[in-house]
Amino acid sequence: MQKVGTIKGSEEKRTDQWETLEQSANEAGWIPQQSYEAQVSNFQICPLDQKAIKKEKEVWDRYLSVKDHQRLMYHELFRYEFYEGLFRKGFWGNIEDAIRKIALPETSRIVIFSAGTGRDLLKVGLAAGIWKSTAPALIRGTYKEINPKYFQLVNSCARIMVTEHEPHVYAALEALVDQLIRDGVPDERMVSVRKWDFRYKSPLVTESQDLVVFALVGNYAKITEQPFILQEVSRCLKKGGYLVASTMLPDLNFSKARVGLKKLMIILSSPLWWPIFNKALPWQVQWGKMAGEMNKTGYWENVPAERWMEFLKPAGMKPVKIYPAPSSLLPVEVLVARKE
């Protein structure tokens, strides 16, 4: 039987090729995009399930392409102070709290795997002291503060890579980074946006990063894939570097969305979209149905941070802290681990 967390054969045969690719990287540990995209198909990190991949693409394309007045509905979810103030432990969540407590070097190298709307990039940069906010006191700590016009560069020595795979969100993320660069928040050397499919090696040199942020990504994989993905994420960390990862608890079971009353409960316990209820209702009902199908067939599985820590141990990771879920309506734990 194949041991969970190892790939039988293949990786040993490809080591020299990957090391050659790594040698082309820049000082931040970023492998050139053109070289990476041309060769990444040779470096899968877990066995591929084509049925799962096809279904996932259908789910994400249908969910993330929906627009409201030319804005992605997905982005609209994050614009409301209601969500920030009541359901995410205030403006600063556990991920940002954890980053603030890590002593990062001035020349810090940070990768945010799957940056979603770009909020993660902006808030991680604030928490890490790469830039500061100049927002008026009246809107400090509200969603209105997350606006590039209030950001000033503090540490030009830091480097951040953000990744995304879904085309609609990737395009929006690129647009945000371009705007930040035009506004002088970072310069073009500081931030890179890359496409990354978590079933393949990431475009980063081994042991090159000081901090890896892995926010609600690993849950969208089969349980048999999660050890491979977490160990690949850890590969990028320097010795002494930190992983800050969030995971949904099994309490959030999408398969419940397939059943009458439980479907209604899933909808009512999704506070993100209450301010745009009439627009988001049919969209979220469809999401619940699609996600439930994924969950029921075993393609996605939510697991506690403690179990993720077990998956990480073979990569030399040691636990630092687990932040508990802020509420039953948002059952997300945050794991902090350090590479020994």
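The values are calculated or read from the model by the stated rules, or taken from the named source; none is laboratory data. Bear in mind that the values here come from a model prediction, so they are computed numbers and not experimental data. Here Cβ is always computed from backbone atoms with ideal geometry, including for glycine, and neighbour counts include all displayed protein chains.
Yes or no, residue by residue, for (1) closer than 25 Å to SER133 by Cα; (2) in contact with a Pro (Cβ under 7 Å, 6 or more places away or on another chain); (3) surrounded by fewer than 18 Cβ atoms within 10 Å (Cβ to Cβ):
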position	(1), (2), (3)
HIS168	no, no, no
ARG182	yes, no, yes
GLU188	yes, no, yes
VAL191	yes, no, no
TRP196	no, yes, no
LYS201	no, no, no
VAL213	yes, no, no
- Message: I'd like to check something: does the stretch 70-83 contain any residue that is buried (at least 18 other Cβ atoms within 10 Å of the Cβ), of a type in the set (Phe, Trp, Tyr) and modelled with pLDDT of 90 or more?
- Response: no
- Message: Can you pull out every residue in the stretch 40-58 that is out of contact with any helix residue (DSSP H, G or I) (no Cβ under 7 Å at 6 or more places or on another chain) and more than 19 Å from VAL233 (Cβ to Cβ)?
- Response: SER41, ASP49, GLN50, LYS51, ALA52, ILE53, LYS54, LYS57, GLU58
- Query: Restricting attention to the stretch 128-145, which residues are among the hydrophobic types (A, V, I, L, M, F, W, C) and within 21 Å of SER108 (Cβ to Cβ)?
  - Reply: ALA128, ILE130, TRP131
- Query: Taking LEU204, is it within 19 Å of the chain's Cα centre (by Cα), hydrophobic (A, V, I, L, M, F, W, C) and at pLDDT 65 or above?
  - Reply: yes
- Message: List the residue pairs whose Cβ atoms are under 6 Å apart, where the first residue sits in the stretch 81-108 and is among the β-branched types (Val, Ile, Thr), the second is modelled with pLDDT under 95 and assigned to a helix (DSSP H, G or I), and the two are 6 or more positions apart or on different chains.
- Response: ILE99/ALA127
- If you go through LEU126, LEU121, the only one that is at negative phi and in contact with a Lys or Arg (Cβ under 9 Å, 6 or more places away or on another chain) is LEU126
- Task: Give GLU166, GLU145 a once-over and let me know the one that is of a type in the set (D, E, K, R) and within 24 Å of ALA127 (Cβ to Cβ).
- Result: GLU145
- Item | Pair list, Cβ < 9 Å and 6+ apart or interchain, from the stretch 313-340 residues that are among the acidic types (Asp, Glu) and surrounded by fewer than 17 Cβ atoms within 10 Å (Cβ to Cβ) to residues that are at pLDDT 90 or above and not in a loop (DSSP other than H, G, I, E, B) | GLU340/LYS239; GLU340/GLY240; GLU340/MET317; GLU340/LYS318
- Output the qualifying pairs, or none if there are none: Cβ atoms under 8 angstrom, residues six or more apart or on different chains, first residue in the stretch 170-181 and under 15 Å from ASP120 (Cβ atoms), second residue assigned to a helix (DSSP H, G or I) and at pLDDT below 85. ALA172/HIS75; LEU176/PRO148; LEU180/PRO148
- Only residues that are modelled with pLDDT under 70, in a helix (DSSP H, G or I) and of a type outside the set (A, V, I, L, M): list them for the stretch 84-118, please. GLU84, GLY85, PHE87
